[in-house]
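First comes the structure, then the notes that go with it.
The values are calculated or read from the model by the stated rules, or taken from the named source; none is laboratory data. Quantities reported herein were computed from a predicted structural model and do not represent experimental measurements. Backbone-built Cβ (ideal geometry, glycine too); neighbour counts: all protein chains shown.
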């Protein structure tokens, strides 16, 4: 799943980097995130709050280098989540999740959610189709 | 059954009034109806740029006071670029008309009023058209301002006043002496019906000359999504107190605790 997911989310957001960043900066103090970078993290959902003005999530990460720890992620508003294909209760506590993020500039865990896959379903942002990973409609 | 001169005059008067009334109704009916949900206009491939997103902020004609205010804001915003939207503050007029964050906007036009609702924060502004206006001394200054409109042909011409001193989220200021001259019209663009919004901000405190904005919107094939924001603070406070209650602790969380939790997430 991870490889397929990575292929989608990289294609999805690489083609719309500017838009992803533009949408993000409308509501967020985006200075702490590097929107020129993309990193995929995988873990277990501990909290996932799709809310306004922005979503936030806590995901348990685990790797050999840094062990097990909780990481916090920010994301778009609830409106953008639902337009991007999110449905109510799509993500539940305990779900395995893969998230494509714009990482923090300080190198710490966490980042800004650009796309995610959970239970076989992917949601991507920036006017991109979650099914095809391509931009819908005409270009800006 | 022959009618007298008085009856004929009455009949003529009635017919005249009916015809004039019908003419007025036809004229009213010919005014554009902006009712609908819109998003930023997107030009077809290779036919120029859409003009729904982004700001007119490249080279603002700031006065010395405007420059000082801008520099002050940069210090206040700090390196993480805090902005009001993060705290559910309204964008105000004309910022909301730029559709910051790329959300849709709804226009509801009915007779002597055009109501505009931006999805974010359900931010609402009302344009009163024609003679029905709030008396100047009764106008409460606000981020939206007070908007009075009239028709010039098929263009709705609006003057917005009674704004609060403030700054948009990019830091560009406007004073309580600012006025905004706005125009709403339809045009055909590449076979697509486009709503054109033009605004000129005149502000003797912060700008040496009017700042002009132009945006284009196209019909949005979708719905406005309810956007709660400020109320999230209240529910987060309840969550904190619920956690305290479940833990058998005194239920005493304050709004300042909510902000601490939020700051810890940033």
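Regarding residue A:106, is this residue modelled with pLDDT of 90 or more and over 20 Å from residue B:81 (Cα atoms)? So residue A:106 does not fit the description; no. Checked across the stretch A:87-97, the condition of being outside any loop (DSSP other than H, G, I, E, B), within 23 Å of residue B:87 (Cα to Cα) and either in contact with a strand residue (DSSP E or B) (Cβ under 8 Å, 6 or more places away or on another chain) or within 10 Å of chain B (Cβ to nearest Cβ) (or both) holds for no residue. Condition check for residue B:201 on (1) buried (at least 18 other Cβ atoms within 10 Å of the Cβ); (2) modelled with pLDDT under 95: one failure, at (2).
The set of residues from the stretch B:157-192 being within 14 Å of chain A (Cβ to nearest Cβ) and part of a loop (DSSP other than H, G, I, E, B) comprises B:168, B:169, B:170, B:171, B:190, B:191.
Please go through the stretch A:117-140 and give me each residue that is part of a strand (DSSP E or B), modelled with pLDDT of 50 or more and in contact with a helix residue (DSSP H, G or I) (Cβ under 8 Å, 6 or more places away or on another chain), ordered by number. Once the filter is applied, which keeps residues that are part of a strand (DSSP E or B), modelled with pLDDT of 50 or more and in contact with a helix residue (DSSP H, G or I) (Cβ under 8 Å, 6 or more places away or on another chain), the stretch A:117-140 yields A:117, A:122, A:123, A:124. Could you tell me whether residue B:101 is in contact with a helix residue (DSSP H, G or I) (Cβ under 9 Å, 6 or more places away or on another chain) and within 14 Å of chain A (Cβ to nearest Cβ)? So residue B:101 passes the test. Of everything listed in (1) away from chain A (no Cβ under 14 Å); (2) touching a residue at least 24 places away in the same chain (Cβ under 8 Å); (3) exposed (fewer than 15 other Cβ atoms within 10 Å of the Cβ), the single unmet condition for residue B:230 is (1).
When the stretch B:113-150 is filtered for residues that are touching a helix residue (DSSP H, G or I) at 6+ places or on another chain (Cβ under 9 Å) and in contact (Cβ under 8 Å) with a residue 24 or more places away in the chain, the ones remaining, listed by number, are B:118, B:119, B:120, B:121, B:123, B:125, B:143, B:144. Restricting attention to the stretch B:238-266, the residues that are under 19 Å from residue A:78 (Cα atoms) and either touching a residue at least 40 places away in the same chain (Cβ under 8 Å) or away from chain A (no Cβ under 14 Å) (or both) total 1. Just one of the listed residues (B:46, B:78) is closer than 28 Å to residue B:233 by Cα and at pLDDT below 90, and it is B:78.
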